[in-house]
Amino acid sequence: MASGVAHELNQPLSVIRMGATFLSKMINKGRKIKDEELRTVTEQIVGQVDRASAIINHMRDFARVGIKTTDLDVNLPIKNIIGIFGQQFKVRDIAIELDLDDNLPHIMADSNKLEQVLLNLVVNARHVIEEKGEPGGKVTIRSFSDKGRVAVSVSDTGNGIPDHILDKIFEPFFTTKKVGAGTGLGLSISYGIVKDYGGTIDVKTEVGIGTTFVLKFPPCSNAK
Ligand SMILES: Nc1ncnc2c1ncn2[C@@H]1O[C@H](COP(=O)(O)OP(=O)(O)OP(=O)(O)O)[C@@H](O)[C@H]1O
Ligand SMILES: [Mg+2]
């Protein structure tokens with residue numbers, strides 16, 4: 001998680017640095033900067049500062065403690081994480097497809113907590129797609145209704161999960177990542193959060209083809 005945020009912050013910072021370095025070089029050489037150039041560079045700097053602030057504000061919300069539950073449209077946390085982390089996928093040439101049902105009943109959950117769960121799933125998906133290293137990698141996020149429950153699925157085109165580790169992936173500290181690369185806590189924390197809201201997590205996987213994690217939640221009692 002923390003490394004994902006650091007990465008996401010480094011991008012706007014390096015654009016800001018490039019812009020500022022360009023301006024200071026021009027000034028030091030006593031060269032005139034064209035109005036058009038000055039406008040482009042300053043607009044870029046302002047835009048990237050806004051992006052960095054949005055990421056930081058979001059992280060502050062993320063860290064808020066305690067279980068909060070509100071009447072929540074499950075599409076909201078999905079759109080939020082794609083808005084903030086979608087860029088990480090674009091730069092890696094991984095497609096993200098959203099297929100969201102806009103007429104789902106609300107659930108009782110906290111948007112920030114669900115974002116944490118979805119982010120864990122999406123970061124895992126990105127990792128396995130990169131590991132596979134084939135072009136055409138894709139993550140698909142769907143929301144749909146399933147037998148009266150509200151479902152969200154995250155599918156990837158990675159290498160799937162072999163049978164002998166499938167029943168271990170939700171255990172705390174179980175990881176197949178290199179030492180230092182993963183804590184093995186992502187799925188176990190996600191499982192705990194989903195349980196807090198009366199939900200379930202299921203996995204469908206096919207070795208060589210990909211994996212789908214499906215979350216299902218009860219609709220809130222006053223739902224239509
Ligand atoms: N989409 C996926 N495809 C294939 N294997 C997966 C997928 N998601 C999880 N796994 C397997 O489950 C293990 C545990 O995942 P989990 O998210 O709990 O920890 P991690 O990703 O290894 O570490 P961290 O989440 O701290 O970065 C992973 O190491 C990987 O072996
Ligand atoms: Mg993980």
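Quick note: the coordinates plus some simple rules give every number you see, no bench work behind them. These figures come from a predicted structure and were not determined experimentally. Don't worry about glycine lacking a Cβ; one is built from the backbone with ideal geometry, like all the others, and counts go over all protein chains shown.
Descriptive notes on the structure:
- The chain: most fluctuating residue of ARG126, ARG17, ARG92 per GNM, C-alpha cutoff 10 Å: ARG17
- For the chain, the membrane-span-like helices by this rule, meaning whole DSSP H stretches whose C-alpha atoms cover at least 15 Å of axis and whose Kyte-Doolittle mean is 0.5 or above, are 186-196; this says nothing about an actual membrane.
- Taking other residues whose beta carbon is less than 10 angstrom from the beta carbon of PHE89, and scoring Lys, Arg as +1 and Asp, Glu as -1, yields +3.
- Here the simple spin-label model places points 7 Å from the Cα toward Cβ, and for LEU76 and PHE170 these points are separated by 2.6 nm.
- Partners for LYS195 among lysines (Cα-Cα distance below 27 Å; same-chain residues under 8 apart left out): LYS68, LYS79, LYS113, LYS147, LYS168, LYS177, LYS204, LYS216, LYS224
- Efficiency of FRET from Cβ geometry, ASP163 and ASP99, R₀ 25 Å, rounded to 0.05: 0.30
- Relative contact order of segment 149-224: 45 percent, from C-alpha pairs under 8 Å at least 6 residues apart in sequence.
- A Gaussian network model of the chain, with springs between Cα atoms under 10 Å, assigns the largest mean-square fluctuation among HIS127, HIS106, HIS164 to HIS164.
- Largest GNM mean-square fluctuation among THR157, THR140, THR42, using the chain with Cα springs under 10 Å: THR42.
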